[in-house]
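To start, the structure itself, in structure tokens.
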Amino acid sequence: MMRLTVHVEDAPFVKRERKVVKDTIVKGKTVPLEYKPKKAKCIVNTFSFNDLHTQKEVNEKLYYLRSKHKVAKWTEGVKKGKEMIYVSWQ
């Protein structure tokens, strides 16, 4: 099984439901201390796909992402100019 991870440049903002992770009692009232996610409007700049069985499935997902978003590229270092696409085996 393979996992595909891709970083995109034109990352979309998504509204997420916030949930209380920690709370405390102040003057008899429950006050939230920490939320997950911290903000309701989150940026999604990394896409990951698990349980891909063949290279063909990986290529199909990559084709789909390229049709919707621009893949980010390295700006410095040895990998400068290469796309940020990772395929790992699980």
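The values are calculated or read from the model by the stated rules, or taken from the named source; none is laboratory data. Values in this document were obtained by computation on a predicted structure and should not be read as measured data. Don't worry about glycine lacking a Cβ; one is built from the backbone with ideal geometry, like all the others, and counts go over all protein chains shown.
For this structure, a couple of remarks:
- Checking E17 against (1) at pLDDT 80 or above; (2) of a type outside the set (A, V, I, L, M, F, W, C); (3) touching a strand residue (DSSP E or B) at 6+ places or on another chain (Cβ under 8 Å), the condition it does not meet: (3)
- With respect to the conditions (1) free of Cβ contacts under 8 Å to residues at least 24 places away in the same chain; (2) among the basic types (K, R); (3) surrounded by 12 or more Cβ atoms within 10 Å (Cβ to Cβ), R16 falls short on a single one, namely (1).
- Taking first residues from region 65-90 that are under 15 Å from F49 (Cβ atoms) and modelled with pLDDT under 95 and partners that are loosely packed, with under 13 Cβ neighbours inside 10 Å and among the aliphatic types (A, V, I, L, M), the Cβ contacts under 9 Å between residues at least 6 apart in sequence or on separate chains come to W89/M1; Q90/M1.
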